[in-house]
């Protein structure tokens with residue numbers, strides 16, 4: 001199985017890139033869904049604080065690659081030869097996929113903070129900064145979330161990314177970039 005993993009700060013465009021992958025027939029497993037499912041199993045609301053605590057607890061009890069292990073099982077269960085994994089948060093997770101997949105490519109998705117704040121507000125997930133919050137509160141909430149995720153080792157994962165996908169233009173350009181990148185990776189070339 002070939003895994004194409006996306007890593008990036010909240011709101012950078014990983015979900016949009018994953019949607020493009022789905023539209024082109026690729027299986028997609030979202031690592032955050034593992035955490036959301038565990039939080040739901042515990043009867044917790046899917047707030048940023050609850051999801052953060054759940055992610056911390058999983059990693060504390062089962063190791064830094066705990067979410068990657070559960071995600072890998074879902075990827076295998078898809079029965080697909082190529083699976084996109086959305087939302088790596090640490091080098092340990094990347095190392096786990098690299099060690100267990102036949103082929104692994106890590107792609108960093110990056111976007112400016114102002115754009116990410118706007119996109120997160122528009123996305124409307126319960127764990128995202130709200131569009132009803134003042135800009136300073138939304139920015140502070142995003143910074144707090146980023147610090148937690150960086151504490152899991154996301155900086156190290158971004159440093160070892162094989163490729164970087166810049167999301168600083170318009171949405172159509174980003175979608176075309178994702179299509180080209182996925183085409184190259186699925187075909188087996190990453191130059």
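The values are calculated or read from the model by the stated rules, or taken from the named source; none is laboratory data. Only a predicted model underlies this, so the values are computations on that prediction, with no experimental measurement involved. Here the Cβ positions follow ideal geometry from the backbone for every residue, glycine too, while neighbour counts run over all protein chains shown.
Please verify whether region 56-70 includes one or more residues that are within 17 Å of residue 149 (Cα to Cα), free of Cβ contacts under 8 Å to residues at least 40 places away in the same chain and in a loop (DSSP other than H, G, I, E, B).
Within region 56-70 (the criterion being within 17 Å of residue 149 (Cα to Cα), free of Cβ contacts under 8 Å to residues at least 40 places away in the same chain and in a loop (DSSP other than H, G, I, E, B)), the answer is yes, since at least one residue qualifies.
Which members of region 22-43 meet the condition of being buried (at least 20 other Cβ atoms within 10 Å of the Cβ) and either touching a helix residue (DSSP H, G or I) at 6+ places or on another chain (Cβ under 6 Å) or in a strand (DSSP E or B) (or both)?
28, 29, 31, 34, 35, 39
Cβ-Cβ under 8 Å, sequence separation 6+ or interchain: first residue in region 108-127 and on the phi > 0 side of the Ramachandran plot, partner modelled with pLDDT of 80 or more and not in a helix (DSSP H, G or I). Which pairs?
none
Just one of the numbered conditions (1) crowded, with 22+ Cβ neighbours inside 10 Å; (2) more than 22 Å from residue 155 (Cβ to Cβ); (3) free of Cβ contacts under 8 Å to residues at least 60 places away in the same chain is not true of residue 83; which one?
(3)
Failed condition for residue 56, given (1) over 24 Å from residue 122 (Cβ atoms); (2) at pLDDT 95 or above, with all others met?
(2)
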